[in-house]
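To keep things clear, I will list the structure first and then write my remarks on it.
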């Protein structure tokens, strides 16, 4: 199996350096830039204390990426500081998710990681109150059709994106970790129970294992293809930290309790295979015997990382499979029916 | 057939994969041999890999300019050169963070560099081309690169792009000058290219000390044929910041670099409608 260059590099950067030709580096830099991973490469080389050994051009690109990342990180912290006074008025927990949480906790996965919006999680019963507070702080919700709004609030897992009227910041306000239309019956209250406060802040962050679970469900139960490699690298870095802190058993327990053992089991197997990670024996044996193994889905995923017709075909199947997870077939049928009848009505109106 | 070649336009090197049978020979009229090389070196790490290939896209604009998975735009076969030049500018302005980059032309004479930031239509490219043809060394007609290590200007020598009326102005002023790849009906109207002078290519990696910042403004109905005003330094700084590609990324360092730049240079606004008189006045004041 041909492992993508970026994964080879994150798997063992020293071995990569020992073997890589100039053409290999050119490709690696190009792929890293396309996925916004240049600064994460720099952080990786720094963690392995090998930045000085790299070819000059690679060092230069690492510096380019790092400069851009520093700007992004400063903007993220600035934005969180702006949100503090507003959300400090709440008497319910507001959790940072994904990139903002990684950054606030200073996890290895946050080093050099770019972000495009801020993800927050509040309980569904507090959504209206939280939104009202954000409106007063200058956030707005762009106009959309009644059905689209219904889709967000009843079928997805988040409010429509909010934007700040002056700063343009995009804010995704979640009330669940996964679309409700997927009918997965996930125990969102467990995410709140796992959370701990950030010192000196009104925000809370989910535990490390829930951060992994969140990344795993968005990776394994979705249809997108363009950032699979980036997501795998995130999962590997989160996994490494869980392993260091001996939290892998906790991860399996939490994911079972939450209702998302399947994505966790399968992403751990993928991380083990692609990044050559050695899982502790007791974890490995649980994965081998797990009923949640999805060998076909993992094979589809691995196929997609290659090139050629079979990879494209695997991607198409992955797409269909991902939709099936995100939307229960009844919800999907209804969604397609409503969307197409709305479109038809619009066409008729514009024709007349 | 797919061909692979390389462009060593210092300080950035690029590898290009294309199936156009003419791209290399078209570019060889604009770039000298030491810059445009037929075979990429297996021992060199390139800053960018560009794919410029024919892909199905309906009836027109079959060539797609991409770097990695990032798509820039599509081009008709007869607009290959302008789209290539714009695409390369896009790669550099979007991704390089080594230099503080400002949208401006830069030339040098006797060790002193002139920076000309100006909006399209101000006559910046025309003036840049004219000064180059009068013996000034071209650093760039598009991108002023400030090296944060020393505050000096890094050349990025590339063909000078002329648009619409400026093509005729240059040919009138400098009869016999060779204008390449005149391409009508592009998004920016008719564009054509001048090859940088030998002096500019020879010193393609020699940095220059910034001395003047000049804002040209061609005004057809001006009362005076040419008028030069001193610009307040604060205004100059703000204008440069607004016209920078990566000022925000450089944050405090960007502000310090620009402050230092305007502190150590003189800034002028130049209004003119008579090109000959304007050039005379300019060289008199600056040299």
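The values are calculated or read from the model by the stated rules, or taken from the named source; none is laboratory data. Keep in mind the model is a prediction, meaning the values are calculated, not measured. Neighbour counts are summed over all protein chains in view; Cβ atoms, including those assigned to glycine, are modelled from backbone coordinates with ideal geometry.
Got a sec? Which helices (runs of 4 or more DSSP H) wholly within region A:295-352 have at least 1 residues that are within 30 Å of residue A:7 (Cα to Cα)?
The helices (runs of 4 or more DSSP H) meeting that bar are A:295-304, A:309-326.
Hey, does region A:27-50 have a residue that's surrounded by fewer than 22 Cβ atoms within 10 Å (Cβ to Cβ), within 14 Å of chain B (Cβ to nearest Cβ) and outside any helix (DSSP H, G or I)?
Yes, region A:27-50 has at least one match.
Take residue A:186 and tell me if it is farther than 29 Å from residue A:44 by Cβ, in a loop (DSSP other than H, G, I, E, B) and touching a residue at least 12 places away in the same chain (Cβ under 8 Å).
yes
Working only within region A:17-26, note down all residues that are buried (at least 19 other Cβ atoms within 10 Å of the Cβ) and either more than 8 Å from chain B (Cβ to nearest Cβ) or more than 23 Å from residue B:90 (Cβ to Cβ) (or both).
The answer is A:20, and nothing else.
Which one is nearest to the chain's Cα centre (by Cα) among residues in region B:6-38 that are under 22 Å from residue A:57 (Cβ atoms) and away from every other protein chain (no Cβ under 14 Å)?
Only one residue fits best here, namely B:9.
Check A:234, A:254 and return the single one that is farther than 28 Å from residue A:315 by Cα, buried (at least 21 other Cβ atoms within 10 Å of the Cβ) and at pLDDT 95 or above.
The conditions single out A:254.
Suppose we filter region B:42-64 for residues that are outside any strand (DSSP E or B), more than 14 Å from every other protein chain (Cβ to nearest Cβ) and on the phi < 0 side of the Ramachandran plot; how many remain?
4
Out of (1) more than 14 Å from chain A (Cβ to nearest Cβ); (2) at pLDDT 95 or above, what's the single condition that is false for residue B:224?
Condition (2) is where residue B:224 drops out.
Does region A:307-319 hold any residues that are surrounded by 10 or more Cβ atoms within 10 Å (Cβ to Cβ) and modelled with pLDDT of 90 or more, and which are they?
A:310, A:311, A:312, A:313, A:314, A:315, A:316, A:317, A:318, A:319
Has region A:237-245 got at least one residue that is outside any helix (DSSP H, G or I), within 23 Å of residue A:101 (Cα to Cα) and under 16 Å from the mean Cα position of the chain (by Cα)?
Within region A:237-245 (the criterion being outside any helix (DSSP H, G or I), within 23 Å of residue A:101 (Cα to Cα) and under 16 Å from the mean Cα position of the chain (by Cα)), the answer is no, since none of the residues qualifies.
Residues to consider are A:265, A:271; find the one that is more than 27 Å from residue A:38 (Cα to Cα), modelled with pLDDT of 95 or more and assigned to a helix (DSSP H, G or I).
A:265
Name the residues in region B:112-139 that are out of contact with any strand residue (DSSP E or B) (no Cβ under 6 Å at 6 or more places or on another chain) and surrounded by fewer than 21 Cβ atoms within 10 Å (Cβ to Cβ), would you?
B:119, B:120, B:121, B:133, B:134, B:135
Do you know which of the residues in region A:59-71 that are touching a helix residue (DSSP H, G or I) at 6+ places or on another chain (Cβ under 6 Å) and within 14 Å of residue B:45 (Cβ to Cβ) is nearest to the other protein chains (Cβ to nearest Cβ)?
The selected residue is A:61.
Which numbered condition in (1) touching a helix residue (DSSP H, G or I) at 6+ places or on another chain (Cβ under 7 Å); (2) at pLDDT below 95 is the only one that residue A:2 fails?
Among (1) touching a helix residue (DSSP H, G or I) at 6+ places or on another chain (Cβ under 7 Å); (2) at pLDDT below 95, the lone unmet condition for residue A:2 is (1).
One residue is enough: does region A:98-119 have a residue meeting the conditions in a helix (DSSP H, G or I), crowded, with 18+ Cβ neighbours inside 10 Å and at positive phi?
Yes, region A:98-119 contains at least one residue that is in a helix (DSSP H, G or I), crowded, with 18+ Cβ neighbours inside 10 Å and at positive phi.
Could you list, in sequence order, all residues of region A:189-227 that are out of contact with any helix residue (DSSP H, G or I) (no Cβ under 6 Å at 6 or more places or on another chain), within 14 Å of another protein chain (Cβ to nearest Cβ) and either in contact (Cβ under 8 Å) with a residue 40 or more places away in the chain or outside any loop (DSSP other than H, G, I, E, B) (or both)?
Hits for region A:189-227 are A:224, A:227.
To keep it simple, each residue is scored yes or no on (1) within 14 Å of chain A (Cβ to nearest Cβ); (2) part of a strand (DSSP E or B); (3) modelled with pLDDT of 95 or more.
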site	(1), (2), (3)
B:40	yes, no, no
B:66	yes, yes, no
B:94	yes, no, no
B:98	yes, no, yes
B:105	no, yes, yes
B:115	no, yes, yes
B:122	no, no, no
B:125	no, no, no
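State whether the residues of region A:202-210 include one that is out of contact with any strand residue (DSSP E or B) (no Cβ under 8 Å at 6 or more places or on another chain) and over 25 Å from residue A:318 (Cα atoms).
Yes - at least one qualifying residue is present in region A:202-210.
Would you confirm, using the coordinates I've provided, whether residue A:177 is in contact with a strand residue (DSSP E or B) (Cβ under 9 Å, 6 or more places away or on another chain), more than 19 Å from residue A:269 (Cα to Cα) and in a loop (DSSP other than H, G, I, E, B)?
yes
Of the residues that make up region B:59-78, is at least one surrounded by 19 or more Cβ atoms within 10 Å (Cβ to Cβ), under 23 Å from residue B:178 (Cβ atoms) and touching a residue at least 60 places away in the same chain (Cβ under 8 Å)?
no
Which residue is farthest from the chain's Cα centre (by Cα), if the candidates are limited to region A:149-174 and must be in a helix (DSSP H, G or I) and either surrounded by 14 or more Cβ atoms within 10 Å (Cβ to Cβ) or modelled with pLDDT of 95 or more (or both)?
Per the criteria, the residue is A:149.
Just checking, does region A:255-264 include any residue being in contact (Cβ under 8 Å) with a residue 12 or more places away in the chain and within 26 Å of residue A:15 (Cβ to Cβ)?
So far as region A:255-264 goes, no, none of its residues is in contact (Cβ under 8 Å) with a residue 12 or more places away in the chain and within 26 Å of residue A:15 (Cβ to Cβ).
Could you check residue B:182 against (1) in a strand (DSSP E or B); (2) in contact (Cβ under 8 Å) with a residue 24 or more places away in the chain and say which number it fails?
For residue B:182, the exception is condition (2).
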